[in-house]
Amino acid sequence: MSSPSSTAAPGTPSTVREDIRDYYGRVLSSSDDLKTGACCSTDPPDPRVRTLLDKLHPEVRQRFYGCGIPLPQALEGATVLDLGCGAGRDCYLLSALVGPRGRVIGVDMTSEQLEVARRHRDFHARAFGHARSNVEFHLGYMEELGPLGIEDASVDVVVSNCVFNLSPDKSGLFREVFRVLRPGGELH
């Protein structure tokens, strides 16, 4: 993962990424710090997801900056990729939904968020009755998944919660999503 240059011109991909990394990594300390909640659904989550939300570690819940819950339900045994996973809230919900035979891969460019996510892997494995964690987290850019070891046609489902809009290279992002999805895979 190349590091953004502090001398880059405003509005370039590297400065956009640096601004986003700073906001989500250093400015925000809880979901209460977000400047808006306008994009969030007011519909209650599915009852099963509500039960799972209650099992999440409080720090993971507190550091959630997405909106809504874009999670398909029939995921047992699937491999799911969460782009812009932050502190891991959706990854851990997905962990329960894919079960112990499934796999969840979280990617985020914010090391501070990933530190929170990684700190609670064992907690969530126990909370969901798994012998070991089925979640892995990678520091990197969602437009550059190859260097993270995410292979062609290796993922059943890609999810992203309020993050695609932050990409400075949406064409590259969609190319990567379709590269890693298996035939018949889904984007949520």
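Rule-based calculations on the coordinates, nothing more; no lab input. Not measured: the values here are computed from a predicted model. Backbone-built Cβ (ideal geometry, glycine too); neighbour counts: all protein chains shown.
What to note about this one:
- The amide H of His138, built 1.01 Å from its N in the peptide plane, has Gly106, Val107, Asp108 as neighbours under 5 Å, considering only residues 5 or more places off or on other chains.
- Of the GluC sites (Glu not before Pro) found in the range 90-188, those in coil by DSSP whose Cβ has at most 15 other Cβ atoms within 10 Å are Glu151.
- Note, ³J(HN,Hα) from phi for the range 108-121, Karplus 6.51, -1.76, 1.60, rounded to Hz, x at Gly and Pro: 8, 9, 10, 4, 4, 5, 5, 4, 5, 4, 5, 4, 10, 4
- Near-label residues of the range 91-125 by backbone N, under 19 Å of a point 7 Å along Cα→Cβ of Arg48: 91-105, 125
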